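Report on one structure; see the data block that follows.
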Amino acid sequence: MAERGLDLTYETVRYWCLKFGSQYAKRIKKHQQCGDRWHLDEVYCRIGGEMMYLWRAVDQDGQTLDILVQRKRNAQAALKFLKKLRKQGAYPRSIVTDKLKSYIKPSKCVFSGARHIRDKGANNRAENSHQATRLREAKMRCFKSLGQAQRFLSNFGSIYDFFRFDAHKTSAKTHRILRARSFEFWRNLTQNPSIG
């Protein structure tokens with residue numbers, strides 16, 4: 001809609017996300033290549049007045065692999081998140097986490113061949129990936145329920161990454177070319193249901 005110069009209300013965007021968001025996010029995920037170094041992190045957020053944890057996995061390029069909203073921040077929650085990641089079919093060479101002990105046993109169980117690096121400083125890639133979610137959370141005036149947050153954030157992560165380019169790493173000309181390619185792929189994706 002931004003490409004066409006249309007201004008919409010948040011409610012219109014919410015209905016669009018409910019109807020089409022998950023379909024488009026799944027199609028985009030099929031075409032994305034993920035890296036072999038995964039950064040995992042969790043951050044708290046208030047959903048419907050209750051404290052929840054948003055678990056996020058990104059690769060070395062900052063590409064969102066998956067998102068899961070849970071009530072706990074323990075080994076069982078980490079195991080559930082890692083099992084969800086394993087369903088994608090990709091396998092990491094190394095997993096980088098902060099010092100949270102809940103990751104130790106589940107990562108050995110689910111990704112036994114991957115090297116587990118526990119270092120707060122090395123996990124900045126995942127820490128920075130929460131910024132877009134925090135901004136979106138503020139604009140939406142918080143999430144109302146766990147299910148709504150999970151649906152929105154899992155779709156938002158894939159679609160946001162698809163249109164995100166590191167402006168500081170590219171020239172303006174290259175940025176316009178990459179953006180034009182994304183819009184062309186998006187048009188094909190939304191107009192042709194057989195893609196993906």
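Values computed for the structure shown
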item	result
Integer Hz, Karplus 6.51/-1.76/1.60 couplings in order for segment 76-87, x for Gly and Pro	5, 5, 5, 4, 4, 5, 5, 5, 5, 5, 5, 5
Label-point separation in nm, LYS87 to TYR160, each point 7 Å along Cα→Cβ	2.2 nm
Potential extension, SER112-ARG46 segment - 0.36 nm per residue separation minus Cα distance	20.4 nm
Under the Karplus curve 6.51 cos²θ - 1.76 cosθ + 1.60, θ = phi - 60°, whole-Hz ³J(HN,Hα) for segment 91-105, x wherever Gly or Pro sits	9, x, 7, 9, 10, 10, 10, 7, 7, 4, 6, 5, 7, 4, 5
Cut-off under 5 Å, modelled amide H: who pairs with GLN60 long-range	GLY35, ASP36, ARG37
³J(HN,Hα), Karplus 6.51/-1.76/1.60, whole Hz, each residue of segment 11-16, x for Gly, Pro	5, 5, 5, 4, 5, 4
Local electrostatic count at ARG115 - Lys and Arg +1, Asp and Glu -1, tallied over other residues with Cβ under 14 Å	+2
Label-to-label distance, nm, for residues given as ASP119 and LYS26 (7 Å Cα→Cβ offset)	3.9 nm
Nitroxide proxy distance, nm - points 7 Å out along Cα→Cβ at ASN192 and LEU8	2.3 nm
Amide H contacts of HIS116 (H built 1.01 Å from N, under 5 Å, at least 5 apart or other chain)	ILE95
FRET efficiency, GLN76 to ASP36 (Cβ-Cβ, R0 22 Å, nearest 0.05)	0.25
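Here, each number is a calculation from the coordinates, and none is a lab measurement. Because the structure is predicted, anything quoted here is derived from the model rather than measured. Counting neighbours? That spans all protein chains shown, and the Cβs are built from the backbone with ideal geometry, glycine included.
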